[in-house]
Amino acid sequence: MIGIFDSGLGGLTVMREVMAHLPGYDLIYFGDTARTPYGSKSPDTVIQYALQIGEWLVDKGADLIVTACNTVSSLATKALRERFDVPVFEVVSPAVGLVAENRRIRCAGVIGTRATIDSGVYERMIRAKRPDISIYSRACPLLVPLVEEGWSKRAETKRIVKKYLYPLRLKQIDTLILGCTHYPILKDVIRIKAGKRVRIIDSSEAIAAAIKGFLEEHPEIEGQLNRNSAHTIYVSDITEHFRRIAQDILGIAVRLEHVRL
Ligand code: DGL
């Protein structure tokens, strides 16, 4: 099965895309709702949480691990790959790949949690492939709680998004990378506030396509995956609020399983 995890519900935007790109594959999702947010935590703590969850997913039978969280992807990919034998997918490289291959991109903005932006991972990876692109980054720490609160369509949220994006608009970015798996839920607002001509890069779509491509190239791993459409969602803290929002994101009835790590 494919194991997916995030600090909370943002990774469900990745799960939704994986379900769309790879219908029928068994998926197990873990949302660390008891310890969210990760974006304001130190690298050591994020790495420790990621390894613990990786261990749990592998014990549950995950044949590959998807870190559906930019914060984990930015800080813990190396540690996860060193610790586990199964393939580990992260959300940064697929988005970087989309930017790198598009020769029309001249000036890109990246938004994400404080931890992701402070890691500088997007700048480093984009500069390595496309030194000609100017990159401007902005941490948007208020957006994750607004999404988790179900406030994605509120006027207050629109104003905050506008304020966060204003410095990037001044730089006349032509592309904006959503460097946090919570942000696709705000995509409509972000698109309006970023400006009509700005291309939006959503890493949740990019990673699902990358996993699909990988499985096509690796039939030996694809053959290990069960295809009974079993989708199980585990969380470290269970609330009715989370269940409702999870249901909205996935568009299907959701039953949550509680797990204490
Ligand atoms: N979904 C996480 C990410 O993509 C952010 C949430 C958090 O701060 O825990 O970075």
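The values are calculated or read from the model by the stated rules, or taken from the named source; none is laboratory data. Please read these numbers as outputs of a predicted model, since none were measured by experiment. No Cβ is skipped: glycine too gets one built from the backbone with ideal geometry, and neighbour counts run over all protein chains shown.
Which residue pairs have Cβ atoms under 6 Å apart, sit 6 or more places apart or on different chains, and have a first residue in region 130-152 that is farther than 18 Å from Ala95 by Cβ and a second that is surrounded by fewer than 17 Cβ atoms within 10 Å (Cβ to Cβ)?
Hits for this filter: Pro141/Arg114.
Tell me the residue from Val46, Val58 that is in contact with a strand residue (DSSP E or B) (Cβ under 9 Å, 6 or more places away or on another chain) and aliphatic (A, V, I, L, M), please. Don't jump to the end; show me each part of the working.
On the way: Val46 fails: in contact with a strand residue (DSSP E or B) (Cβ under 9 Å, 6 or more places away or on another chain).
None of the other options fit; the residue is Val58.
What are the pairs with Cβ atoms under 6 angstrom where one residue, in region 61-78, is within 14 Å of Thr181 (Cβ to Cβ) and the other, located anywhere, is more than 7 Å from the ligand (Cβ to nearest atom) and charged (D, E, K, R)? Sequence gap at least six, or different chains.
Listed by first residue and then by second, the contacts come to Thr67/Glu90; Ser73/Glu90.
Looking at (1) more than 13 Å from the ligand (Cβ to nearest atom); (2) over 11 Å from Ile4 (Cα atoms); (3) touching a helix residue (DSSP H, G or I) at 6+ places or on another chain (Cβ under 7 Å), which is the one condition that is false for Gly54?
Here Gly54 clears every test but (2).
Restricting attention to region 155-186, report how many residues are more than 16 Å from the ligand (Cβ to nearest atom) and either within 15 Å of Ile245 (Cα to Cα) or among the aromatic types (Phe, Trp, Tyr) (or both).
Count: 1.
What's the number of the only condition in (1) closer than 23 Å to Asn102 by Cα; (2) within 15 Å of the ligand (Cβ to nearest atom); (3) modelled with pLDDT of 95 or more that Glu205 fails to meet?
(3)
Of everything in region 90-136, what is within 13 Å of the ligand (Cβ to nearest atom) and charged (D, E, K, R)? Give them in sequence order.
Once the filter is applied, which keeps residues that are within 13 Å of the ligand (Cβ to nearest atom) and charged (D, E, K, R), region 90-136 yields Glu90, Arg114, Asp118.
When Leu75 is evaluated against the numbered criteria (1) within 16 Å of the ligand (Cβ to nearest atom); (2) within 26 Å of Glu240 (Cα to Cα); (3) hydrophobic (A, V, I, L, M, F, W, C), which criterion, by number, is the only one it fails?
For Leu75, the exception is condition (2).
For Thr71, work out the one condition from (1) buried (at least 23 other Cβ atoms within 10 Å of the Cβ); (2) hydroxyl-bearing (Ser, Thr, Tyr); (3) over 17 Å from Asp202 (Cβ atoms) it doesn't fulfil.
So the condition that Thr71 fails would be (3).
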